[in-house]
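Notes follow the structure.
What follows is calculated from the coordinates using simple rules that are stated; it is not laboratory data. Note that the coordinates shown come from a computational prediction; the quantities given were computed from them, not determined experimentally. Because the Cβ atoms are built from the backbone with ideal geometry, glycine has one as well, and the counts that use them run over all protein chains shown.
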Amino acid sequence: MPTSLAAVVMAAGLGTRMRSATPKHLHRLLGRRMVDWALAAVRPLGADPVVVVASPEARGAFAGETVVVQEPPRGTGDAVAAARVALDGFDGEVLVVPGDSPLITPELLSELLEAHRRERPAVTVMSYEPPTRPPYGRVVRDEAGALRAIVEASDATPQELAIRELNASFYVFNADDLWRALAQLDAENAQGEFYLTDTIRHLVAAGRPAAVHRSADTRSPEGVNTRAELAAAAATLRERVNAAHMERGAGILDPATTWIDADVELEADCTIHPFTVLRGATRVGAGAEVGPHAVALDADIGRGTLVGPFCYLRPGTVLEAGVKVGTFVEIKNSTVGERAKVPHLSYIGDAEIGEGSNIGAGGITVNFPHRPGRPKGRTKIGRNVRTGVQNAFVAPVEIGDDAWIAAGSVITDDVPPGSLAGFPPRQVTKEGYVYEQPDD
């Protein structure tokens, strides 16, 4: 019995039913492209190599993968045949996976492999019986229940269309059998394509055994062909991702309204409030509370931090432990130090805020470059700074520790530690003002 395993992931379809300029397999669900979900299900199986069959339009979208291009697209059989150049000399098992099935799991693929290795046929096909009958191939069996053929819906008779057992489009072939069967394919069918499913008929006609592994899971094998199916698949993935986080101890108060990308990290005992969206490589520490109605993308939210409601954290945001970021606050490419507060109605971009500081309502960092072509300046606000309402900080500018900023001020010059600055219309700085005040 062969012991080596290769995988072919078919991702060359253009997905015309998506009505999109983006190839179907590159549409995103919870931060990953559709094909990436399929690849993530394949990798735990130890297949080597894993070959991605891509369209010419998507050939550059798979950095680090073994890629072959199907040009022109002539059906699933032609797609797998295109992969042979990357499998030259391989004589083990070939797992074939559609790249438009983002719900497939490593567990279901493992079951398929185990069934193939147990029965040792030329090919094992995964089938399933969904509650509805989408336009997928029908699994045709003989009187004894053995697999005879897979008939595509467009070529099926009314009697064949009545069959409830459908082809899930996941296969395990013995390599030699696969290449021989592919060489016999023709495009004599309703779609004028080379069907991978026709390999079953050719193998059976040659006396080679073909087996079926029926999946008890009727949702995970489903493919995505339309925008509506993409949304439905994303909802299923959302449920899985949220459930996994809750099993590890994260608190998600309303999973149905909470969207968390696949690569987000949640520590135990954080709390995610309703209508929160956590994207990219966002991390949320223990004891933090995020939301409701908060969005974070590639943000690091420290332990015990309070975020929201109605808050937007953009890439490069780092909130250290105990920070409060409140209502209608947007932060980008900035670090907010421990126990600092940006309570409401502020924009903080390209800035550093020291521990214990408080940014008054309406605080704005103005970070456009002074000259074209120069990088954006940064605003540095020290420890225990108190800013007033409606302050603007024109970068590059630095506010020293313990400074106070008067309300309504535009700060264009550095403020030394312990100073009081502001007083519109032009900045006035009273050095040492804070340190000279008597203690209350």
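Tell me the relative contact order for the chain as a rounded percent, counting alpha carbon contacts under 8 Å between residues six or more apart.
With pairs under 8 Å counted, the relative contact order is 8 percent.
Seen from all sides and averaged, what is the projected area of the convex hull of the Cα atoms in segment 247-436, in nm²?
Average of the hull's projected areas for segment 247-436 equals 10.6 nm².
Explain nothing, just the number: dipole magnitude of segment 85-184 about its Cα centre with +1 on each Lys and Arg Cβ and -1 on each Asp and Glu Cβ, in debye rounded to the nearest 20.
220
Plugging the Kirkwood radius over Cα pairs into Stokes-Einstein for the chain, at a temperature of 37 °C and a viscosity of 0.692 mPa s, what D comes out in µm²/s?
Using the Kirkwood radius from Cα pairs, D works out to 130 µm²/s.
Please give the direction-averaged projected area of the C-alpha convex hull for segment 168-258, in square nanometres with one decimal.
For segment 168-258, averaging the hull's shadow over all directions gives 9.2 nm².
Lys/Arg Cβ at +1, Asp/Glu Cβ at -1, dipole of segment 5-214 taken about the Cα centre: which of N189, A7, Y136 is farthest positive-ward?
Among N189, A7, Y136, the one farthest towards the positive end of the dipole of segment 5-214 is Y136.
Gaussian network model of the chain, Cα springs within a sub-10 Å range: biggest mean-square fluctuation belongs to which of A361, A205, A38?
Maximum fluctuation in the GNM of the chain, among the listed residues, is at A205.
Counting just the Cα atoms, what span does segment 37-146 cover along each of its three principal axes? Round to the nearest Å and put the largest first.
Projected onto its principal axes, the Cα set of segment 37-146 covers 46, 30, 24 Å.
Where does the chain land at 222 nm, in deg cm²/dmol rounded to the nearest 500, when only DSSP H runs of n ≥ 4 count, each adding -39500 (n - 2.57), divided by all residues?
For the chain, the value works out to -5000 deg cm²/dmol.
Percent relative contact order of segment 295-440, based on C-alpha pairs within less than 8 angstrom and at least six residues apart?
Relative contact order of segment 295-440: 13 percent.
Applying a 10 Å radius around every beta-carbon, put 151-159, 374-382 in order of their mean neighbour count, most first.
Final packing ranking: 374-382, 151-159.
Output the relative contact order of segment 5-214, whole-number percent, from Cα pairs under 8 angstrom with separation of 6+ residues.
With pairs under 8 Å counted, the relative contact order is 23 percent.
Looking at segment 247-436 only, what percent of DSSP beta bridges run antiparallel? Nearest 5 please.
5
Can you tell me the equivalent ellipsoid semi-axes for segment 1-83? Use √(5λ) from the Cα gyration tensor, largest first, whole Å.
The equivalent ellipsoid of segment 1-83 has semi-axes of 22, 16, 10 Å.
Where the centre of each part is set by its Cα atoms, how far does segment 351-419 sit from segment 93-154, in angstrom?
The two parts, judged by their Cα centres, are 62 Å apart.
Of the DSSP beta bridges with both residues in the chain, give the percent that are antiparallel, rounding to the nearest 5.
Of all bridge pairs located within the chain, approximately 20 percent are antiparallel.
Beyond 21 Å between alpha-carbons counts as too far, so tell me which of K341/K430; K332/K380; K380/K430; K341/K380; K324/K380 fall in that bin.
Pairs exceeding 21 Å: K341/K430.
So if I average 1/r over every pair of distinct C-alpha atoms in segment 283-331 and take the inverse, what Kirkwood radius in Å does that give?
10.0
log₁₀ I(q)/I(0) of segment 5-214 at q = 0.10, 0.14, 0.17, 0.18 Å⁻¹, via Debye over equal Cα point scatterers, no solvent, to two decimals?
-0.40, -0.81, -1.26, -1.43
What is the order of V241, V69, fewest Cβ neighbours within 10 Å to most?
Starting with the residue having the fewest Cβ neighbours, the order is V69, V241.
Which one of L306, I272, H293 is farthest out on the positive end of the charge dipole of segment 265-322, using unit charges on Cβ (Lys, Arg +1; Asp, Glu -1) and the Cα centre as origin?
Among L306, I272, H293, the one farthest towards the positive end of the dipole of segment 265-322 is H293.
Mind putting a number on the dipole of the chain about its Cα centre? Charges go on the C-beta only, +1 for Lys and Arg and -1 for Asp and Glu, and I need it in Debye to the nearest 20.
Dipole magnitude for the chain comes out near 800 debye.
Short version: ³J(HN,Hα) in whole Hz for each residue of segment 401-417, in order, from phi by Karplus 6.51 cos²θ - 1.76 cosθ + 1.60 (θ = phi - 60°), x for Gly and Pro, what are they?
4, 6, 6, 10, 10, 5, 4, x, 9, 9, 9, 10, 10, 4, 10, x, x
Positive end of the charge dipole of the chain (Lys, Arg +1 and Asp, Glu -1 on Cβ, about the Cα centre): tell me which of Q390, G337, V125 has its Cα farthest that way.
So the residue furthest toward the plus end is Q390.
How big is the gap, in Å, between the Cα center of segment 420-440 and the Cα center of segment 16-32?
56
Can you sort E436, E320 by how many other beta carbons sit within 10 Å, fewest first?
E436, E320
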